[in-house]
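Trainee: I'd like to ask some things about the structure below.
The values are calculated or read from the model by the stated rules, or taken from the named source; none is laboratory data. As the structure is a computational prediction, the values presented were derived from the model and not from experiment. Because the Cβ atoms are built from the backbone with ideal geometry, glycine has one as well, and the counts that use them run over all protein chains shown. Keep in mind that these areas ignore ligands, DNA and RNA; they rest on the heavy atoms of the full protein, side chains included. Shrake-Rupley method; radii C 1.70, N 1.55, O 1.52, S 1.80 Å.
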Amino acid sequence: LLALIPYCAMVVGLHLLGSAWVSFLIYHGLVLVAVWRSPDLRRDLLRGWHNMVGWGAVGFGLGGGALIFMLAPYAGINADLINPALAKLGLGGTGWVLFVIYHTLVNPWFEEILWRGKLGSDALKPVWHDVLFAGYHVLVLMLFLEWLWILLAFFILVAAGWLWRQLRRRHKGLLLPVISHLAADGSIMFVVYVLSLN
């Protein structure tokens, strides 16, 4: 049931109300309610750092933005595609900049405490939550990309979800996945922001 939170948030916020901010308000608000009485889980957010693995995890995250930058000309990701979609979601000007910052610095903490914390698993093989994590992103990506590119992104996100879950399992905390996720969201949002200017 908890795995449906982001799906509901994206459907209501993005697709019904046309507001990226409302989608985050619903998503993050419901996750807060779900973990409010889980102090151990909240403490896990600051546990599990490992220097060597950590920098590799950051590099993995930064690869997300680099990949989008390289594929953008082939996927048709440019200002003509991005800006009309952003306008439909109520994002423009200062609001767009604030959204980039919030998405980068705040969203990964909520994502990790839900997907690798509350819904975490110690399984070595991919699990359904890895697939569900990737799947809800499709509701966002369909506003910007053709289905072939969405499919590619979906499989990359399944792999990312699996990797972040393994980092949590191996290092007994959520800090490594959070930092890697911060790097991923930050690099992706930076690239999309730059592309929206051209």
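Trainee: Has the stretch 164-187 got any residue that is within 21 Å of Trp55 (Cα to Cα), under 15 Å from the mean Cα position of the chain (by Cα) and among the polar types (S, T, N, Q)?
Mentor: yes
Trainee: Moving on to the next point. Give me the pairs, please: first residue somewhere in the stretch 1-26 and at positive phi, second residue anywhere and open to solvent by 20 Å² or more (accessible area, probe 1.4 Å), beta-carbon distance under 9 Å, and either six or more positions apart or on two chains.
Mentor: Close Cβ pairs satisfying both conditions: Gly18/Lys88; Gly18/Gly90.
Trainee: Next question, about the same structure. May I ask you to list the residues in the stretch 18-42 that are of a type in the set (S, T, N, Q) and over 15 Å from the mean Cα position of the chain (by Cα)?
Mentor: Scanning the stretch 18-42 gives Ser19, Ser38.
Trainee: Based on this model, can you work out whether Asp40 counts as open to solvent by 30 Å² or more (accessible area, probe 1.4 Å) and among the charged types (D, E, K, R)?
Mentor: Spelling it out, Asp40 is indeed open to solvent by 30 Å² or more (accessible area, probe 1.4 Å) and among the charged types (D, E, K, R).
Trainee: Could you tell me whether His129 is within 18 Å of Arg47 (Cα to Cα), buried (at least 17 other Cβ atoms within 10 Å of the Cβ) and of a type outside the set (A, V, I, L, M, F, W, C)?
Mentor: no
Trainee: Of all residues in the stretch 176-198, count the ones that are more than 17 Å from Tyr102 (Cβ to Cβ), part of a helix (DSSP H, G or I) and open to solvent by 30 Å² or more (accessible area, probe 1.4 Å).
Mentor: Total satisfying the criteria: 3.
Trainee: Another question, if that's okay. Within the stretch 164-190, can you find the residues that are among the basic types (Lys, Arg) and in contact with a Pro (Cβ under 9 Å, 6 or more places away or on another chain)?
Mentor: Arg165, Arg168
Trainee: I'm trying to understand the selection: among the residues of the stretch 43-81, which are of a type in the set (A, V, I, L, M), within 18 Å of the chain's Cα centre (by Cα) and at pLDDT 95 or above?
Mentor: Hits for the stretch 43-81 are Ala57, Val58, Leu62, Ala66, Leu67, Ile68.
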